[in-house]
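Below is one structure, written out as structure tokens, with a few remarks after it.
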Amino acid sequence: METANQINKTKVIKPPVTQVGIMGWIRSNLFKGWFNSVLTIITVYCLWVIIPPLIRWVFVDSLWVSTGAECRQAAGACWSIIPANIRFIMFGFYPYDQQWRPFVAMALLIGLLFYSRNRDHWKRHLAYAWILGLFLMGLLMKGGLFGLTPVETTQWGGLPLTLLLSVFGLTAAYPLGVVLALGRRSKMPAIKMLSVLYIELIRGVPLISLLFMSSVVFPLFLPEGVTINKIIRAQVAIILFTAAYIAEVVRGGLQAISRGQYEAADSIGLSYYLTMRLVILPQALKIVIPPSVQQLISAFKDTSLVVIIALFDVLRTTQTVLSDPKWMGFSAEAYIFVALIYFLCCFFMSNYSRRLERELETGL
């Protein structure tokens, strides 16, 4: 009893300030040993040299509403290039007085994407919403009905074209990639051989070559007088290219499923279709969420390559603005703006994939 009282009366000694709290974190992470200390000092010095001039260039000395001539006299960034040309960057050569139509179409597409993020909405009504939304988007962009002036696809450009190529391309490429992965693991020699040949052939050439073939070579094989829209040809090339890479990602997930899962499905009499739909694919696709999203992000960024076949996506419209003598020399500001658009789209996909992993408990 006396020992317990003595322990209670003993003064509790707190750890040193340098080992807890902010000071403890700094000591253990930034100044733990001479090597870490030297790296920390060098990093702080580099940031001190780079950050203040960058902030001054971006915010303090920059111009936001001015002409190109006024920007040339300024020491900071010329962000005026963005508001002065925002409509052309966003919509390209789409008729100026009709640009509300691609704007509404983009808003509708983004709204559907945000609504689809919630897995509780993955029901039949969502499929109907997408069908109706796609019809309305096509009607708004193309026109010709309900008093809307027809607009040729050659005038489509800017951000709507980028979203069109990426969203529809990625949506169509993923199921095609799953089919190719299943075909490569098929026990039927002909199907397996065709799947392997397709995957290896497509993965052996760059996307830029497929775009050239779709734009230059493919029309040579069409009958005289028959043409296929350039946007559709580019869209097909992107789908075929992305599907080959998705197929290899999904094949890795299929190989990760133990043989016991197949045997369990066989034991209860499931057909091949039901085995894949109810047992194998749900597990395999959960496993490959991270690499699948990584591939989709890469494919989204690769859509910028359509500039080489004269499609005016958001990157091409920005380059066109920079060719204007009034705005020459301000490419850094314009490309930073375009990079921000790509970053936001890629961040959205990456963030959603992490959320989906947590909901599906992929790591278990």
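Counting the residues of the range 167-214 that are basic (Lys, Arg), under 21 Å from the mean Cα position of the chain (by Cα) and surrounded by 15 or more Cβ atoms within 10 Å (Cβ to Cβ) gives 0.
Inside the range 290-308, residues that are crowded, with 19+ Cβ neighbours inside 10 Å and within 25 Å of THR154 (Cβ to Cβ) make up a count of 6.
Tell me, yes or no, whether the range 356-364 has at least one residue that is outside the structural domain of SER292 (by TED's automatic domain parsing), of a type in the set (A, V, I, L, M, F, W, C) and surrounded by 18 or more Cβ atoms within 10 Å (Cβ to Cβ). No, because not a single residue in the range 356-364 is outside the structural domain of SER292 (by TED's automatic domain parsing), of a type in the set (A, V, I, L, M, F, W, C) and surrounded by 18 or more Cβ atoms within 10 Å (Cβ to Cβ).
Just one of the numbered conditions (1) within 30 Å of the chain's Cα centre (by Cα); (2) assigned to a helix (DSSP H, G or I); (3) over 29 Å from PRO291 (Cβ atoms) is not true of ALA243: (3).
Every condition in (1) in a helix (DSSP H, G or I); (2) surrounded by 11 or more Cβ atoms within 10 Å (Cβ to Cβ) holds for ASP120 except the one numbered (2).
Can you report the number of residues in the range 27-58 which are without any contact (Cβ under 8 Å) to a residue 12 or more places away in the chain and within 30 Å of THR320 (Cβ to Cβ)?
Of the residues in that region, 1 qualify.
ASP97 satisfies every condition listed in (1) closer than 30 Å to LEU148 by Cα; (2) within 28 Å of the chain's Cα centre (by Cα); (3) not polar (S, T, N, Q) except (2).
Is it the case that some residue within the range 305-317 is under 19 Å from PRO83 (Cα atoms), at pLDDT 90 or above, assigned to a loop (DSSP other than H, G, I, E, B) and not charged (D, E, K, R)? No, there is no match, as no residue in the range 305-317 is under 19 Å from PRO83 (Cα atoms), at pLDDT 90 or above, assigned to a loop (DSSP other than H, G, I, E, B) and not charged (D, E, K, R).
Inside the range 111-167, can you point out the residues that are of a type in the set (Val, Ile, Thr) and either free of Cβ contacts under 8 Å to residues at least 12 places away in the same chain or touching a strand residue (DSSP E or B) at 6+ places or on another chain (Cβ under 9 Å) (or both)?
In the first step, residues of the range 111-167 are kept if they are of a type in the set (Val, Ile, Thr); the result is 131, 149, 151, 153-154, 162, 167.
Those that are of a type in the set (Val, Ile, Thr) and either free of Cβ contacts under 8 Å to residues at least 12 places away in the same chain or touching a strand residue (DSSP E or B) at 6+ places or on another chain (Cβ under 9 Å) (or both): ILE131, THR162.
Does the range 246-262 contain at least one residue that is part of a helix (DSSP H, G or I), closer than 22 Å to ALA173 by Cα and more than 28 Å from the chain's Cα centre (by Cα)? No.
The values are calculated or read from the model by the stated rules, or taken from the named source; none is laboratory data. Remember, it's a predicted structure, so these values are computed and weren't measured experimentally. Glycine also receives a Cβ, built like all others from the backbone with ideal geometry; neighbour counts cover every protein chain displayed.
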